[in-house]
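Structure first, commentary second.
The values are calculated or read from the model by the stated rules, or taken from the named source; none is laboratory data. All figures in this text were calculated on a predicted structure; none of them were measured in a lab. No Cβ is skipped: glycine too gets one built from the backbone with ideal geometry, and neighbour counts run over all protein chains shown. When the accessible area is computed, the model is the full protein with side chains, heavy atoms only, and any ligands, DNA or RNA have been set aside. Shrake-Rupley method; radii C 1.70, N 1.55, O 1.52, S 1.80 Å.
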Amino acid sequence: MICPICNSTAPDESTHCPSCGAALTGPDDVSPAHDPACDSVSEFIFCEGCGARLSAEDRTCPKCGRPAPGILSQNSAALDLAAGKTASFPRLTSDMIAGAVPAPEAASDAGPVLSAFDEGATSVIDSDEVRAAVDAAPRSGSSRSGSRRPLPQQGEDASDGADPYAKPRRGRWIALAACVALVAGGAWFIGADPLGVMPGFYASFESAASDMFPSRQVPEDDADAEDAPADAEDDESADSAQVNDSTLSEAEAYQRLSAIYGRIVELQDQIGPVVETYNGQYLVKDASQRREASRGAYDLRDSLTGVLDDIDALVLSDDTAYAQDVEHMRQLATWTYNRVDVLCRSWDINLALGEDERPADHQDEILAPLREVEKVDGKAVDVVQYEQNVSAWKPVEK
């Protein structure tokens, strides 16, 4: 069944609309327009806003949208309010307002009220007012009231830069001083060792280290051997041959001597280019060019010095079969070194000349070291001896 008033759906057996409360009748009953419960609904309904005629089913005006009058009558339901269907309230008249709300009494004198306001006043609070408010504030019940510091007074000298609100830092400095003293005391205790516990600690640490890493222990110094008694030399253990870790075996000795021999021969072959450079450049006027030409002779002499050092560093057993080969290598290297050294001494005189001096003017002085070389049949002794023995002294494995 459809309600003729609000167009809501109602059960067929209902006698009143559940939405608006209007009486519902069948086709044989009296028309809702003549129902006593609907006396508040007039036959013609007009909009209170624009005056348009509304039908009984309209909830709002189709022209202006104003709610239809009488929608909040006693026959209206609460669902209309929940759905936002509100009705217009009666127009207020001056009599209704006067009867409902009393008019305010006029002030007899507005002077005292207006005088309380200062047109030049601002919202800045004076320090005196803040201090008065703080002093007047209740202090009981506050856990921090005892530690509150007073505000700075007007006229106080703040030129010293002190912050009246800053927290005292004396405790921080005391803690820092205590830490420094503790560290210094610990360092002094370890260094001075007043209780004499550090030697024992070092000994236990060395013992533990030797047990854990036996292969990394450093051998004792020779000073312990000097403190040994003199009669220890007669001991068989001291007289027995002790082979050092650097002592070469026979096979290693042969390999080292063969390498040294090959090095000497190689350096001997480099003497020829060095001599040619000397003959072509030692009279050049440009000092920088002569200095560059002399570099080959100095480098060759340094290489031969290294070979002699390697020969001296060889450690062979006392009964080695290569003792004579070691002397042969030393002699070959010395002859080769002498040939290069005489050139270097001549270059020393040459390069000592001034920038404006010509080497040709000092030629006799420059060639003096070469003239002092001992010769046989016009040939240097070092060259003759080297050529006679270099092939025969080649190391042979024994």
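Things worth noting here:
- Pairing each residue of the range 348-373 that is within 20 Å of Y298 (Cβ to Cβ) with any residue that is acidic (D, E), provided the two are 6+ apart or on different chains, yields C-beta distances under 8 Å for I349/E365; V373/D382.
- Any pair with Cβ under 7 angstrom, 6 or more apart, that starts in the range 253-277 at a residue that is closer than 12 Å to W393 by Cα and ends at one that is open to solvent by 50 Å² or more (accessible area, probe 1.4 Å) and not in a helix (DSSP H, G or I): Y261/K394
- Here E357 passes the criteria (1) surrounded by fewer than 18 Cβ atoms within 10 Å (Cβ to Cβ); (2) in a loop (DSSP other than H, G, I, E, B); (3) in contact with a Leu (Cβ under 6 Å, 6 or more places away or on another chain) except the one numbered (3).
- Where E365 falls short, out of the listed (1) in a helix (DSSP H, G or I); (2) under 25 Å from E266 (Cα atoms): (2)
- Residue match in the range 3-10 (condition: at pLDDT below 65 and open to solvent by less than 50 Å² (accessible area, probe 1.4 Å)): no
- Some residue of the range 317-324 being surrounded by 13 or more Cβ atoms within 10 Å (Cβ to Cβ) and either closer than 20 Å to R371 by Cα or within 58 Å of the chain's Cα centre (by Cα) (or both): no
- Qualifying residue in the range 34-46 (condition: open to solvent by 60 Å² or more (accessible area, probe 1.4 Å), part of a loop (DSSP other than H, G, I, E, B) and modelled with pLDDT of 50 or more): yes
- For the range 378-398, the set of residues classified as part of a helix (DSSP H, G or I) and surrounded by 13 or more Cβ atoms within 10 Å (Cβ to Cβ) consists of V381, D382, V383, V384, Q385, Y386, N389, listed by residue number.
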